[in-house]
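S.K.: For reference, the structure I am asking about is given below.
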Amino acid sequence: MKKRSAWLLAPLLSLVTITSACSDDNSDTLSSPSSESAAVEVGQEIINEPTSQAEPITDINPVAAGLARAQQVVDRHSMAPNQITLTEPVSSPPESGKTVAWIACEITCATFNPAFQEATDALDWKLEIISVATVGNSTAILQALDIGADFIAITGTPPATIAEEITIAKERGVGIFMCFDTTIPDPANNNIFTNCAGEASAYASGQIIANKVIVESGGNANVLMINIPDFEILVSQREGAKSAYAKNCPNCTFQELTVTLDQLLTAGVPDVIVSTLLTDDTINWVHIATAGMAYGILDALDKAGLSERVKVAGVGSDAVGLADIITGRYEFWTVNPVPYSAWLMVDGMVRTSVGDTIPGNGHITPPLPTYIVDTAGEAQKILDTPEQEFKGPAMMEDQFKALWGIG
């Protein structure tokens with residue numbers, strides 16, 4: 001049981017281990033109105049804007065109008081996207097022979113490895129995978145520089161924890177390409193060239209799950225979000241959800257259950273959830289912020305006799321969550337395309353190598369292509385893939401290659 005628990009927590013712990021070491025550096029950023037408002041603006045533009053084909057909605061009945069707006073969002077995210085989020089080709093094909101160093105976290109980051117390998121192979125580039133399980137992030141970056149890397153990729157790592165190494169890399173002309181952090185890329189100053197799946201994606205994910213809950217509940221959901229707001233990414237997700245409920249569901253309530261890292265590590269989260277649900281019998285939906293927090297929640301609800309009353313959904317499902325959709329224990333999850341983010345980082349490297357600007361201010365926008373999985377058939381379809389997760393658009397590899405001029 002302990003081994004399974006550790007595996008399920010890995011997606012969150014890969015970020016937690018690093019972030020907790022520099023919590024003082026990040027505390028101010030968490031409440032920064034400038035960074036949060038930037039994500040809000042982007043998220044609203046992507047998620048809430050009606051499609052050109054949609055009929056305009058007149059707010060005569062606010063409940064009905066909100067449901068209609070929520071349904072539009074759900075409809076746009078109910079099928080796996082078939083196109084990558086990029087359209088701009090590079091100005092010229094990249095040269096072969098470049099070296100990419102991928103700083104891979106333990107367990108979780110193995111999902112990225114095949115995508116990095118395929119992308120670099122397509123370019124006739126060399127990939128060096130350096131595991132932080134043995135050397136740590138700081139040492140890994142120095143090791144990447146020692147082996148002559150032209151580009152360094154890393155995920156979920158607050159730059160404050162590797163600031164000295166980033167400076168050294170900048171002095172040597174080697175850029176850092178990131179995902180799953182909230183730092184704004186600014187190559188000239190912080191040497192960070194990309195940061196996909198940051199605040200904009202997290203905010204959008206919060207809006208997607210909230211609008212789906214609004215639709216499923218008929219506009220009468222009392223939602224408890226299980227969250228660790230020490231992490232900026234999860235704060236952005238919370239704000240996206242709050243915005244959607246405020247705009248589209250006048251009869252909904254939304255509250256956050258703040259849990260701690262210690263509670264997560266000691267498997268104490270399910271008990272806190274049950275206690276909260278028993279105290280407030282109006283709660284009828286539970287929103288799990290990330291798959292790394294889901295372990296034990298369903299069993300705890302079953303044991304407490306709460307499974308019939310409370311519906312559960314989450315953001316960024318793993319294989320275990322998909323399996324529980326098949327058995328009907330979860331209502332739905334969104335799925336995040338981790339392999340796609342690897343291709344985005346390599347795309348940033350390609351564009352940098354030919355002197356092009358990276359779109360979306362370093363792939364901050366648009367949000368990652370994600371969608372809602374709410375049927376057993378769709379969950380099984382994903383589990384039947386080699387990755388056992390949503391990799392991204394089915395033909396994404398060919399689409400990236402075409403933009404790079406090598407397809």
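S.K.: What are the extents of the Cα atoms of the range 305-407 along their three principal axes, in Å, largest first?
M.R.: For the range 305-407, the Cα spread along each principal axis is 60, 26, 14 Å.
S.K.: Report the trypsin sites (Lys or Arg not before Pro) located in the range 89-174 that are in a DSSP loop and have at most 13 other Cβ atoms inside 10 Å of their Cβ, or state none.
M.R.: Passing both the DSSP loop test and the Cβ count: Arg172.
S.K.: Listed highest first by mean packing, meaning other Cβ atoms within 10 Å per residue, what order do 288-298, 215-225 come in?
M.R.: Numbers: 288-298: 23.2, 215-225: 19.4.
Averaged packing, sorted descending, gives the order 288-298, 215-225.
S.K.: List the relative contact order of the range 257-326 as a percent without decimals, with contacts defined as Cα pairs under 8 Å and 6+ residues apart. Could the numbers behind the result be given before it?
M.R.: Details: 53 pairs, mean separation 24.1, N = 70.
The value is 34 percent.
S.K.: What does the charge add up to near Phe390, with Lys and Arg as +1, Asp and Glu as -1, over the other residues with Cβ less than 11 Å from its Cβ?
M.R.: -2
S.K.: Summarise the long-distance tail of P(r) for the range 195-280 by giving the % of C-alpha pairs beyond 17 Å.
M.R.: Value for the range 195-280 (Cα pairs over 17 Å): 52 percent.
S.K.: Also, I was wondering about something else. Relative to the present Cα-Cα distance, how much length would full extension add between Arg309 and Glu171 at 0.36 nm per residue of separation?
M.R.: Using 0.36 nm per residue and subtracting the Cα-Cα distance, I get 43.9 nm.
S.K.: Order of Glu118, Glu308 from fewest to most other C-beta atoms within 10 Å?
M.R.: Glu308, Glu118
S.K.: Provide the descending list of Cα extents for the range 239-363 along its principal axes, expressed in whole angstroms.
M.R.: The principal-axis extents, from largest down, are 60, 33, 31 Å.
S.K.: Distances over 16 Å make up what percent of all Cα-Cα pairs in the range 124-177?
M.R.: 34 percent
S.K.: Further question on the same structure: For the range 292-303, in order, what is each residue's ³J(HN,Hα) by Karplus, 6.51 cos²θ - 1.76 cosθ + 1.60 with θ = phi - 60°, in whole Hz (x at glycine and Pro)?
M.R.: x, 9, 7, 4, x, 5, 4, 5, 5, 5, 4, 4
S.K.: How about Lys126: which lysines have a C-alpha closer than 23 Å to its C-alpha, ignoring those fewer than 8 places off in the same chain?
M.R.: In chain and number order, the partners are Lys98, Lys170, Lys391, Lys401.
Every number in this text was worked out from the coordinates using simple rules, so none of it is lab data. All of these numbers come straight from a predicted model, not from anything done at the bench. Virtual Cβ from ideal backbone geometry, glycine too; neighbours counted across all protein chains shown.
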